[in-house]
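Derivation of every value follows stated rules applied to the coordinates shown; laboratory data play no part. Bear in mind the structure is a predicted one, so any value in this text is a computation, not a measurement. Here the Cβ is made from the backbone with ideal geometry for all residues, glycine too, and neighbour counts use every protein chain on show.
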Amino acid sequence: MPDDTASWHDDGTPISPRADNVQRGMGADGDGALEFARQVFLQGCGLLPTAAGTAAWAGAPRWAVLETDFGLGLNFFATWHAWRQDRQRPARLLYSAVAAFPPPEPADLIRSVAPFPELAPLAAELAAQWHGLLPGVHRLRLEGERVQLTLSIGQVQPALAELSGEHDAIYLDGVGPTQPARNPDMESLHTLKAVARLARRGARVAAGCASPELRDALTAAGFDVEPLHGLLPQRHALLARYAPRWATRRRPAGRSGHNTA
């Protein structure tokens, strides 16, 4: 598959040569990238405890997250770290992600979290298994097998088709005006219908883009786009919930079956 090796600014910010944009997170660079991940994706999907209550996953036996663009893994590391820190965390964290252009070198994972020391042990554990990742589905077991990362490597639509199971939270990453060079079909109705197939009814969705095109496609795929009501400090963010007005029928797809493990 095409090479998408990350290059690096002198300050340690990773750049995707394919899209000529910051690869670490949606429009965020430097130290702000982790805060962006936490504010938009984790807080947007209710995965951080608040003064008013516990996280959405509190007490659950398992919690499944789907991400549409793995990048250098920052959203995954942020979610894994939040899971570690939460005393009421689910017993198992299952994380599925599409990786159109995964970093080829384990060292890139470690280098990408250099500004965030709390994530360094997580990146090192993942880097130890980061080898032989050809196109297809790969399942990596971490944290004594309590955390499972399922990577579907390839372009977004065929990669989503390889995944199965119902996910409780969805990170729509890789969308927005700077992102189409990496995955031009990310905001299409066909892609969002593939995402809907992997969502449980009531699943929360968060995105770092609130374009009219994305809102319309989400609505057509069965998602209710929700007003932010000041919950997120990010102007360009979107929250939604999977609430189709039709009966859904699940069909087996792909070979991953990761949520049955």
The extension gain from GLU35 to ALA56, computed as 0.36 nm times the residue separation minus the Cα-Cα distance, is 5.6 nm
Net charge (Lys, Arg +1; Asp, Glu -1) of residues whose beta-carbon lies under 14 Å from that of ALA221, ALA221 excluded, is +1
By the mean-Cβ-within-10 Å protection proxy, highest first, 208-219, 130-141, 56-67 rank as 56-67, 208-219, 130-141
Around THR54 (Cβ within 11 Å, Cβ-to-Cβ, excluding THR54; K/R +1, D/E -1) the net charge comes to +1
Simple SL model, points at 7 angstrom along Cα→Cβ for ARG139 and ALA243; separation in nm is 3.4
When TYR95, TYR242 are arranged by how many other beta-carbons sit within 10 Å of their Cβ, fewest first, they go TYR242, TYR95
Expressed in nanometres to one decimal, the distance between label points 7 Å along Cα→Cβ at LEU189 and GLN88 is 4.0
Footprinting proxy, ILE110, ILE153: sorted fewest to most Cβ within 10 Å, the residues are ILE110, ILE153
Plugging the Cβ-Cβ distance of GLU166 and ALA120 into 1/(1 + (r/R0)^6) at R0 = 22 Å yields, to the nearest 0.05, a FRET efficiency of 0.10
